[in-house]
1. What do you reckon, is PRO106 away from the ligand (no atom under 15 Å from the Cβ) and closer than 22 Å to LYS191 by Cβ?
2. Got a sec? Which of ASN246, ASN228 is in contact with a Ser or Thr (Cβ under 9 Å, 6 or more places away or on another chain), among the polar types (S, T, N, Q) and surrounded by fewer than 19 Cβ atoms within 10 Å (Cβ to Cβ)?
3. Filter the stretch 132-161 for residues that are under 20 Å from ILE70 (Cβ atoms) and touching a Lys or Arg at 6+ places or on another chain (Cβ under 9 Å); which is nearest to the ligand (Cβ to nearest atom)?
4. Looking at (1) within 12 Å of the ligand (Cβ to nearest atom); (2) surrounded by 15 or more Cβ atoms within 10 Å (Cβ to Cβ); (3) of a type outside the set (Ser, Thr, Tyr); (4) part of a loop (DSSP other than H, G, I, E, B), which is the one condition that is false for LEU97?
5. Cβ-Cβ under 9 Å, sequence separation 6+ or interchain: first residue in the stretch 22-50 and over 20 Å from LEU193 (Cβ atoms) and in a loop (DSSP other than H, G, I, E, B), partner of a type in the set (D, E, K, R) and more than 16 Å from the ligand (Cβ to nearest atom). Which pairs?
6. Quick one: would you say PRO168 is at pLDDT 95 or above, closer than 30 Å to LEU42 by Cα, more than 10 Å from the ligand (Cβ to nearest atom) and surrounded by fewer than 23 Cβ atoms within 10 Å (Cβ to Cβ)?
7. State which residue is surrounded by the most Cβ atoms within 10 Å (Cβ to Cβ) when the search covers only the stretch 325-374 and only residues that are of a type in the set (Gly, Ala, Ser) and not in a loop (DSSP other than H, G, I, E, B).
Amino acid sequence: MTSAKQTFGVTGDYGDRCGRHGIISLEILKPEILDAVDTMPLRSQDQVFTIGDYGAADGSATMPLIRDIIERVRKRQGELPVQVVYEDQAANDFNTLFKRVHGLIPVPRTYLQDFKDVYVTASGASFFEAVVPPASADVILSFHAAHYLSKPVTKFQDSIHRYPNATPQESRLVAAQAAEDWETFLLHRAKELRSGGILVVGLAADDSQNQVTGIRHWAQQPEEDMLNMWRRMRDDGKITQEEFVNTNMDRCTKYLDECTAPFKGSKPAVTKHGLQLESAKLVREPCLARLAWRKRLDEDGVDDRETWAKTIGEHHRCWASWNFIRALSDQRSSDEKEALVDELFSRIEKKVADTHPDDYMSDHLITFIVARKV
Ligand SMILES: C[S@@+](CC[C@H](N)C(=O)[O-])C[C@H]1O[C@@H](n2cnc3c(N)ncnc32)[C@H](O)[C@@H]1O
């Protein structure tokens, strides 16, 4: 069941399949995030230090980072009470989030085991709306989420989103909606942050110039494989052309200049509301499955391509399957829809298993942004 507003859904095993990739990416970004936290103004002891995690899913990706932020805050500011606000779409699996935060699911280790006087709440408002009251947040985090659009704007005839094969007209529509949504997202955060507060965002990226990192798109090869295998299933008569065209990911993996645009120009609304860009850059995160394959090969001499391919399939199925399932005709039973998505990912896994891991572009490309309320 999805809400009318929902443009994206993940499966229940999110933390085990996808969240652990988020942890790795945040390990790379952590020193910079903690440095920014260290330069925030001190709060008085009768205040509460509020950390938001927007588009949190089950909260697993940010758990170790939030632990380290609290540690830094307590080091500088003593026993200041801390509030953590998790935000996601109302249809999100908040039950799993609470189980992780309160330790019923013990991985990753919850920061509640390490600190007293930390209060956890959650919000089902969209991040395109106000989530917390004005001037009440100190740190707002949002990872792998703010590239989702507030609503669908087009049906891609031969692609599943802008990359790789949207038509110029489809690209224009998506870019325009993404620009409007991104500015809305930033304006709300500008109002929510207290003076000196920071916004840290990591978004799935597209490096259209292919200059900075040698990788063009977030999870480039798995995403191309999803599109190509879905095309083949259409050509093999497994799904209809109508179902193929109905398969759309309502997201825009933005270019770096699209991400920085709201902060630039003669009268940027975002800057007028006090939010200033501190840094914006593209970061390449290594594919966990390839790292594990390489470790096994180096340490045990085992070239375990099967596990490698399976891990790639499971990871991308976890976040992407919702988009394929919802595109399939209502004439089909749920079992039939699941079987078609099973077939899609088993075709992908087979292709992956036949490719050398070093030749498969499965690293992630993200845009990392730090902004501060002045
Ligand atoms: C790929 S998951 C990322 C989860 C986690 N932040 C991480 O880094 O692993 C994207 C999350 O964004 C959420 N999301 C998408 N659109 C949203 C919106 N408009 N408001 C709030 N959350 C949204 C989805 O529900 C999903 O949980």
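The values are calculated or read from the model by the stated rules, or taken from the named source; none is laboratory data. Quantities reported herein were computed from a predicted structural model and do not represent experimental measurements. Cβ placement follows ideal geometry from the backbone for every residue including glycine, while neighbour counts extend to all protein chains displayed.
1. Details: away from the ligand (no atom under 15 Å from the Cβ): yes; closer than 22 Å to LYS191 by Cβ: no.
No; evaluated as a whole, the condition is false for this residue.
2. Working: ASN228 fails: in contact with a Ser or Thr (Cβ under 9 Å, 6 or more places away or on another chain).
Exactly one residue qualifies, and that residue is ASN246.
3. First pass over the stretch 132-161, keeping only residues under 20 Å from ILE70 (Cβ atoms): 132, 136-143.
Now drop any that are not touching a Lys or Arg at 6+ places or on another chain (Cβ under 9 Å), which leaves 136-138, 140, 142.
Values: SER136: 18, ALA137: 15, ASP138: 19, ILE140: 12, SER142: 7 Å.
So, considering only residues that are under 20 Å from ILE70 (Cβ atoms) and touching a Lys or Arg at 6+ places or on another chain (Cβ under 9 Å), the one nearest to the ligand (Cβ to nearest atom) is SER142.
4. (4)
5. Every condition considered, the pairs that remain are GLN45/GLU79.
6. Numbers: at pLDDT 95 or above: yes; closer than 30 Å to LEU42 by Cα: no; more than 10 Å from the ligand (Cβ to nearest atom): yes; surrounded by fewer than 23 Cβ atoms within 10 Å (Cβ to Cβ): yes.
No; evaluated as a whole, the condition is false for this residue.
7. Initial filter on the stretch 325-374 (of a type in the set (Gly, Ala, Ser)): 327, 329, 333-334, 339, 346, 353, 362, 371.
Retained after the next criterion (residues that are not in a loop (DSSP other than H, G, I, E, B)): 334, 339, 346, 353, 371.
On the way: SER334: 9, ALA339: 13, SER346: 14, ALA353: 16, ALA371: 27.
Residue satisfying both the conditions and the ranking: ALA371.
A quick yes/no check of all residues on (1) more than 15 Å from SER142 (Cα to Cα); (2) among the basic types (Lys, Arg); (3) near the ligand (Cβ under 10 Å from one of its atoms); (4) buried (at least 23 other Cβ atoms within 10 Å of the Cβ):
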| site | (1), (2), (3), (4) |
| --- | --- |
| MET40 | yes, no, no, no |
| SER44 | yes, no, no, no |
| GLN47 | yes, no, no, no |
| THR50 | no, no, no, yes |
| ASP53 | no, no, yes, yes |
| ALA56 | no, no, yes, yes |
| ALA61 | no, no, yes, yes |
| ILE66 | no, no, no, yes |
| GLU71 | yes, no, no, no |
